[in-house]
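The values are calculated or read from the model by the stated rules, or taken from the named source; none is laboratory data. None of these values were measured; they are calculated from a predicted model. So basically every Cβ, Gly included, is an ideal-geometry build from the backbone, and we count neighbours across all protein chains shown. These accessible areas exclude ligands, DNA and RNA; they are computed on the full protein's heavy atoms, side chains included. Shrake-Rupley method; radii C 1.70, N 1.55, O 1.52, S 1.80 Å.
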Amino acid sequence: MASIDGIATEVEKQPWKEVLVFTEEGKTLFTNIDVNPNEVAVFLKAFDSYENTFGAGIVFNGNHHETHRFYDNLIYGRRGDATEGNGVALAKAKNNEGKIIFAAITYVYPTVSAKAVARLRDFAEGYLSKLAL
């Protein structure tokens with residue numbers, strides 16, 4: 001069973017710049033940024049509508065990102081280009097208690113989406129899915 005206290009240790013292993021981990025109630029479990037409650041409210045609904053999320057994009061830490069991919073448990077995109085912009089990804093996982101836990105990240109060059117998003121997916125499936133709340 002994973003613990004909330006262990007999230008920081010897991011995040012330190014990752015190539016991400018900004019990180020926010022939160023519950024389906026919007027409660028922050030871990031972050032390295034100032035959390036905007038309005039952004040969290042939008043994240044909580046992001047997986048509800050492909051059309052809305054693609055149309056609106058993702059705003060994280062005040063920056064707007066175009067959405068490029070939308071899957072059942074993973075959404076990602078970017079702003080700018082590969083070397084001067086940054087990428088964003090949002091994942092969700094259901095833990096053993098049936099609670100949904102989200103993680104939002106950004107990443108910058110030289111980290112590419114193939115690495116950052118794959119690591120986020122693994123973090124969600126491997127750590128967040130085992131997180132006891």
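Structural remarks
- Within the stretch 106-128, the set of residues being more than 12 Å from the chain's Cα centre (by Cα) and β-branched (Val, Ile, Thr) comprises Val108, Thr111, Val112.
- Residue list for the stretch 48-57, restricted to those being farther than 14 Å from Gly80 by Cβ and either in contact with a strand residue (DSSP E or B) (Cβ under 9 Å, 6 or more places away or on another chain) or of a type in the set (Phe, Trp, Tyr) (or both): Tyr50, Thr53, Phe54, Gly55, Ala56
- Of all the listed residues (Ala41, Ala2), the sole one being at pLDDT 95 or above, over 13 Å from the mean Cα position of the chain (by Cα), hydrophobic (A, V, I, L, M, F, W, C) and surrounded by fewer than 19 Cβ atoms within 10 Å (Cβ to Cβ) is Ala41.
- Among all residues of the stretch 109-117, there is none that is under 22 Å from Gly26 (Cβ atoms) and open to solvent by less than 50 Å² (accessible area, probe 1.4 Å).
- Only one of the numbered conditions (1) touching a Pro at 6+ places or on another chain (Cβ under 6 Å); (2) at pLDDT 95 or above is violated by Val21, and that is (1).
- Of the residues Phe70, Phe54, the single one that is of a type outside the set (S, T, N, Q), touching a helix residue (DSSP H, G or I) at 6+ places or on another chain (Cβ under 6 Å) and open to solvent by 30 Å² or more (accessible area, probe 1.4 Å) is Phe70.
- Cross-chain or 6+ apart pairs with Cβ under 6 Å, the stretch 115-133 first and on the phi < 0 side of the Ramachandran plot, then in a helix (DSSP H, G or I): Tyr127/Glu10
- Given (1) touching a helix residue (DSSP H, G or I) at 6+ places or on another chain (Cβ under 8 Å); (2) in contact (Cβ under 8 Å) with a residue 40 or more places away in the chain; (3) polar (S, T, N, Q); (4) closer than 20 Å to Glu10 by Cα, number of the condition Asn61 does not satisfy: (4)
- Within the stretch 5-23, the residues that satisfy the criterion of being more than 13 Å from the chain's Cα centre (by Cα), open to solvent by 60 Å² or more (accessible area, probe 1.4 Å) and not polar (S, T, N, Q) are Asp5, Glu12, Lys13.
The rows are residues; the columns are (1) modelled with pLDDT under 95; (2) surrounded by fewer than 18 Cβ atoms within 10 Å (Cβ to Cβ).
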| position | (1), (2) |
| --- | --- |
| Thr83 | yes, yes |
| Lys94 | no, yes |
| Lys99 | no, yes |
| Phe102 | no, no |
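- Here His64 clears all of (1) surrounded by fewer than 18 Cβ atoms within 10 Å (Cβ to Cβ); (2) farther than 23 Å from Glu39 by Cα except the condition numbered (2).
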